[in-house]
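Each reported figure results from applying straightforward, stated rules to the coordinates on display, with no laboratory input. As the structure is a prediction and not an experimental result, all values here were calculated from the model. All Cβ positions, glycine included, derive from the backbone under ideal geometry; neighbour counts span all protein chains shown.
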Amino acid sequence: MAIPVRRRVPRNDRPAFSLRRTALGFVLAALLLCGAGLALRTAWQSALRHPAVAVATVTALAAVTAAFLRRRHNRRVAAKGAAAVVEAAYDMVDTGLAELDAAVREPEPRPRPEPVDYLDMDPYAFEEAIAGLCRRDGCTEVEVVGGAGDLGADVVATTPDRRRLVIQCKQYGPDNKVGSQDLQRFGGTCYAVHEAEVAVVVTTSTFTEPALEYAGQCGILCVDLESLSAWSEEGAPLPWHAAAAVRPSADA
């Protein structure tokens with residue numbers, strides 16, 4: 001037995017046109033327009049009869065409108081200010097983190113200087129090289145004063161701890177050692193004439209035993225080629241750290 005199938009009738013959701021409803025809408029619109037016109041006419045006539053009241057009413061409406069607009073403007077300004085404060089706080093945090101990272105990060109080691117062949121220099125270039133080492137290691141007022149009539153001083157400078165440094169440079173060959181007579185001539189002028197607080201003799205050779213003994217008695221630091229190379233390559237203490245700060249007393 002066949003089962004009859006109920007046909008679906010398509011639904012139309014759009015309401016059917018109603019003349020009554022349309023006419024009622026037009027009537028309501030006309031009443032609203034008439035009421036608005038009548039209200040405006042009444043307000044205008046009242047304003048003509050009582051201008052002070054009208055001015056007060058308009059002023060009050062303007063004040064309310066201005067207050068409303070000002071409140072909205074203040075809210076926008078406050079929001080912008082808050083956003084600027086938040087942005088500044090983020091910038092401060094980022095800057096602080098960057099500075100902290102830079103402080104925590106270990107500095108990269110400075111490459112060690114290349115070895116210098118001081119034996120291959122002439123005496124004038126050797127004096128300039130010693131002056132360059134002094135400048136590199138923080139001395140100020142560095143001058144090369146070697147020459148005729150220098151009275152034993154080839155380089156003068158002021159150490160980082162503000163002491164007067166006087167250096168005599170001896171550019172000798174390996175077989176020509178600095179003797180006690182060289183030290184005695186320098187010792188006679190470095191303190192009395194040049195007012196040294198740190199007196200140093202630097203050579204590309206070595207020192208004799210009597211020269212070292214005399215230097216120890218006078219507080220003169222002796223730097224031979226090996227010590228000079230270590231100083232140049234930053235592998236030894238600076239000469240003014242090892243030298244006596246003042247001239248030893250005559251009784252010492």
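Mind running the shape call on the range 111-154? Use the C-alpha gyration tensor, a ≥ b ≥ c as the square roots of the eigenvalues: rounded below 1.5 for a/c, prolate if a/b tops b/c, oblate otherwise. Judged from the Cα gyration tensor, the range 111-154 comes out oblate (a/c at least 1.5, b/c at or above a/b).
Listed values for the range 121-129 are Karplus-derived 3J(HN,Hα) couplings in whole Hz (6.51 cos²θ - 1.76 cosθ + 1.60, θ = phi - 60°), namely 8, 7, x, 6, 5, 5, 4, 5, 5, and x replaces Gly and Pro. Phi angles across the range 200-212 convert, under the Karplus curve 6.51 cos²θ - 1.76 cosθ + 1.60 with θ = phi - 60°, into 3J(HN,Hα) values of 9, 10, 10, 9, 8, 10, 10, 10, 6, 4, x, 5, 5 Hz, Gly and Pro given as x. Close amide H partners of residue 206, meaning residues 5 or more places away or on another chain with modelled amide H under 5 Å apart, are 178. Each residue of the range 161-175 is assigned a 3J(HN,Hα), and the resulting list reads 9, 6, 9, 7, 10, 10, 10, 10, 9, 10, 8, 10, x, x, 8 Hz, derived from the Karplus form 6.51 cos²θ - 1.76 cosθ + 1.60 (θ = phi - 60°), x at Gly and Pro. For residue 151 and residue 99, a Förster radius of 51 Å and the Cβ-Cβ distance give a FRET efficiency of 0.45, rounded to the nearest 0.05. With each label point set 7 Å from Cα along the Cα-Cβ vector, what nm distance links residue 193 and residue 119? With each label placed 7 Å out from Cα toward Cβ, I get 3.1 nm.
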